[in-house]
Amino acid sequence: MPETLKEATPDTPGAVAAPVATAAVGKPRSLWSDAWHDLRRSPLFVVSAILIIFLLVMAIAPGLFTGADPRYADLAHHYLQKPKWGNFFQEDWFGYDIQGRSIYARVVYGARASITVAVVVTVLVTILGTVVGMLAGYFGGWIDTILSRVTDIFFGVPFILGAMVVLTSFEERKIWVVILALAFLGWTSIARVARGSVLTIKQADYVMAAKALGASTTRILLRHILPNAIAPVIVVATIALGGYISAEATLSFLGIGLAEPTVSWGVDISSGQEQLRNAAFVLIIPSVMVSITVLAFIMLGDAVRNALDPKLR
Amino acid sequence: MTIIDKTADVPAPRGSNDESGPLLEVRDLHVEFHTRDGVAKAVNGVNYSVSAGETLAVLGESGSGKSVTAQAIMGILDMPPGHIPKGEILFRGQDMLKMSNEERRQIRGQKIAMIFQDALSSLNPVLSVGYQLGEMFRVHQGLSKKEAKAKSIALMDRVRIPAAKERVNDYPHQFSGGMRQRIMIAMALALEPDLIIADEPTTALDVTVQAQVMDLLAELQRDFNMGLILITHDLGVVADVADKIAVMYAGRIVETAPVHEIYKRPAHPYTKGLLESIPRLDQKGQELYAIKGLPPNLLHVPSGCAFNPRCTMAQDICRTEIPALRPVTEQDGTELVGRGSACHFWKETIHG
């Protein structure tokens with residue numbers, strides 16, 4: 001305490017005039033700004049972030065990467081014409097599939113479907129899981145019993161099997177059907193993490209202090225519990241995002257996820273398997289894209305976890 | 001209530017004119033915790049009262065029920081496992097235990113506020129102190145962000161945090177222990193409550209800072225004419241600040257007295273034991289007295305007087321009959337104002 005006194009006394013006269021200057025010098029550091037500070041220095045984060053930005057740009061503006069139409073099939077081109085590995089970013093860079101469509105164009109355009117599914121599912125799952133977990137953890141008692149048992153029931157359903165059952169009951173499998181099916185089954189792990197996290201945070205003295213100073217339940221949940229309990233949820237959600245990309249690919253491969261004419265990596269992997277023996281690249285190129293994307297998100301999740309909780313490293 | 005608010009504009013008579021009775025009165029309060037091993041009786045019939053401008057020190061060792069009583073008053077007891085089978089908590093004559101949750105929430109922070117022991121863990125680590133202080137004004141008084149911030153800075157100045165303007169956006173971990181406790185005090189003071197409950201406010205601080213924080217509390221209490229309940233296990237902290245003392249043991253009040261009398265002439269063997277176990281300069285080199293034995297297990301409180309297994313004066317009656325809190329008198333029978341003792345042998349203790 002004497003230290004702070006010492007620091008403060010000399011500049012007290014000037015303090016009134018210079019709030020802007022001092023704000024720049026003594027930047028307050030919150031948990032999040034600390035985490036951001038750590039993240040920027042983490043090679044894991046830098047690599048994964050560059051990859052993810054690259055993929056996101058590809059998903060948002062595929063036209064930037066190729067002028068070719070992914071649905072234009074010209075049987076004059078055929079998979080037996082091997083890829084021209086030297087023609088970077090050209091239509092024939094990765095060769096053509098059995099229908100004579102540019103694989104490079106399809107990979108670029110396929111990013112949108114795969115990433116949309118993964119991102120939207122992750123957002124839905126995070127919201128639903130956090131709400132359920134937070135209510136169960138904070139209120140306890142019978143609310144917890146009911147919500148936790150429901151979570152357990154959903155958790156017991158094997159993810160891919162469950163998604164297959166849900167998806168096969170839909171005639172037309174548009175992108176939102178796949179999203180809802182995955183979100184419907186995927187929220188349980190987030191709910192469990194959120195509940196556990198809230199159970200710890202709700203014991204914290206500052207929650208009791210907030211209560212003692214007259215904060216309402218909503219305010220306690222949103223201002224005091226949520227920001228403190230959200231870190232592990234974000235980590236799990238980021239890692240799960242990679243999982244949803246592969247889940248979409250798996251379902252499309254099995255023929256019950258996205259279907260033609262939607263362009264997605266899963267759809268291409270599915271159609272590529274038929275030519276595996278004479279033209280493996282038709283299958284391998286979209287698979288590599290899936291792997292890179294999954295890897296990027298898992299690395300991001302790891303980096304975020306390290307930054308938010310250095311003790312876990 | 002509106003009448004009170006109007007008179008509140010006149011600073012001097014605030015608190016003294018609006019009520020004749022005490023600000024807060026706890027009557028025969030019982031608190032139990034239902035645990036797997038049985039019912040733990042944490043508070044067994046506590047009575048005390050505080051008036052505006054008065055400081056009551058509640059003294060007792062860990063597990064004596066002093067904090068649980070405070071939590072029951074604040075309405076922040078975890079229920080279940082906690083349970084209040086009996087008793088009344090009257091704030092300005094109204095029983096708070098009968099109020100709705102919303103009514104009680106309106107009282108918390110605005111009429112009664114609480115200061116906690118560990119200021120670091122009592123402040124939200126992800127929000128800046130300015131935000132947390134400002135929250136009080138924004139939620140309870142509906143001020144804008146800017147106004148709330150200005151008020152927060154004024155408040156931080158009031159509790160003498162140096163360079164408040166520059167530090168208002170800092171986070172709790174950037175403050176020293178003493179400064180954090182000042183911020184806690186500022187938060188409790190924000191809405192100028194009528195009563196503050198301070199639960200061991202200086203336990204986590206070192207001795208010099210303890211004195212500063214206690215002085216600050218006493219000064220603010222005088223300025224705002226608040227009632228103050230000071231919960232502590234430190235007899236040294238109490239002497240300078242408190243007006244009256246209630247000593248708790250095993251969930252009961254065993255002795256009440258005006259502050260200086262208790263140091264001169266304790267009327268309960270437990271209080272006597274506590275006073276004798278304070279290290280004193282004139283007894284340097286001698287062995288320090290300690291009360292023998294351990295505090296009782298609240299699941300199995302001894303029959304009769306709960307202190308009997310540790311008491312040097314215990315007789316058969318102490319093991320069978322629970323002594324009531326009786327007024328203490330001089331040897332000639334003149335009443336000693338405000339004094340009471342729950343001991344079968346209080347006469348022997350105070351006069352013998």
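Taking all Cα-Cα distances within the stretch A:176-313, those exceeding 19 Å account for 63%. Using the empirical formula 2.2 N^0.38 Å as the baseline, the Cα radius of gyration of the stretch B:24-242 reaches a ratio of 1.02.
Taking the helices alone, the protein assembly as shown has a mean residue ellipticity at 222 nm of -16000 deg cm²/dmol, built from -39,500 (n - 2.57) per DSSP H run of at least 4 residues and averaged over all its residues.
If R0 is 35 Å, the Cβ-Cβ spacing of residue B:234 and residue B:348 corresponds to a FRET efficiency of close to 0.80.
Averaging the Cα positions of each part gives two centres, and for the stretch A:201-223 and the stretch B:286-340 these lie 39 Å apart. Hull volume per residue, based on the alpha-carbon atoms of the stretch B:59-143 and their convex hull, is 142 Å³. Once backbone amide H atoms are built at 1.01 Å from N, residue B:252 has B:44 as its partners under 5 Å, excluding neighbours fewer than 5 places away on the same chain. The region of chain B that goes longest without hitting one of the GluC sites (Glu not before Pro) in a DSSP loop, each with at most 16 other Cβ atoms within 10 Å, is B:62-286.
Taking neighbour Cβ counts within 10 Å as the exposure measure, how do A:34, A:302 sort from fewest upward?
With the fewest neighbours first, A:34, A:302 line up as A:34, A:302.
Considering only beta bridges that DSSP places wholly inside chain B, some 60 percent are antiparallel. Close amide-amide hydrogen proximity is noted between residue B:115 and B:197, B:198, B:199, each under 5 Å apart and 5 or more residues distant or on a separate chain (H modeled in the peptide plane; Pro and chain starts excluded).
Annotation: extensible slack from residue A:36 through residue A:146 equals 35.9 nm (criterion: 0.36 nm per residue apart, minus Cα-Cα distance). Output ³J(HN,Hα) for the stretch A:244-253: one whole-Hz value per residue in order, computed from phi by the Karplus curve 6.51 cos²θ - 1.76 cosθ + 1.60 with θ = phi - 60°, and x for Gly and Pro. These are the phi-based 3J(HN,Hα) values: 6, 5, 6, 5, 4, 4, 4, 5, 5, 4 Hz. Extension gain, residue B:316 to residue B:120: 0.36 nm times the residue separation minus the Cα-Cα distance gives 65.8 nm.
Relative to the compact-globule estimate of 2.2 N^0.38 Å, the Cα radius of gyration of chain A comes out at 1.27. Rounded to the nearest whole Hz, the Karplus-based 3J(HN,Hα) values (6.51 cos²θ - 1.76 cosθ + 1.60, θ = phi - 60°) of the stretch B:156-169 follow the sequence 5, 5, 4, 8, 6, 8, x, 6, 4, 4, 7, 9, 5, 9, with x at glycine and proline. Counting only the Cα atoms, the protein assembly as shown fills a convex hull of 226 Å³ per residue. Ordered from longest to shortest, the equivalent ellipsoid semi-axes for the stretch A:80-131 are 36, 10, 6 Å, each the square root of 5 times a Cα gyration tensor eigenvalue. For trypsin sites (Lys or Arg not before Pro), the sites in the stretch A:34-92 that DSSP calls loop and that have at most 15 other Cβ atoms within 10 Å are A:41, A:71, A:84. Here's the picture: a label point sits 7 Å out from the Cα of residue B:303 along the beta-carbon direction, and within the stretch B:313-352 the residues with their amide nitrogen under 19 Å of it are B:314-324, B:344. For the stretch B:229-350, the mean projected area of the C-alpha convex hull, equal to one quarter of the hull surface, is 8.4 nm².
Take each residue of peptide B:117-125, count the partner chain Cβ atoms within 10 Å of its Cβ, and average: the result is 5. Each residue, residue B:103 and residue A:218, gets one label point 7 Å from its Cα in the Cβ direction; the gap between the two is 2.3 nm. Residues whose amide H falls under 5 Å from that of residue B:58, counting only those 5 or more places apart or on a different chain, are B:230, B:231, B:232, B:246, with hydrogens built in the peptide plane. From the alpha carbon centroid of the stretch A:83-114 to that of the stretch B:17-78 is 75 Å. Taken along the Cα-to-beta-carbon direction at a fixed 7 Å, the label points for residue A:89 and residue A:76 span 2.5 nm. For the stretch B:272-277, the Karplus equation 6.51 cos²θ - 1.76 cosθ + 1.60, evaluated at θ = phi - 60°, returns couplings of 4, x, 4, 5, 6, 8 Hz by residue, with Gly and Pro reported as x.
Readers should treat all values here as calculations from the given coordinates under stated rules, not as data from a laboratory. Just so it is clear, the model here is predicted, and its values are computed rather than measured. Positions of Cβ are generated from backbone atoms using ideal geometry, with glycine treated the same way; all protein chains shown enter the neighbour counts.
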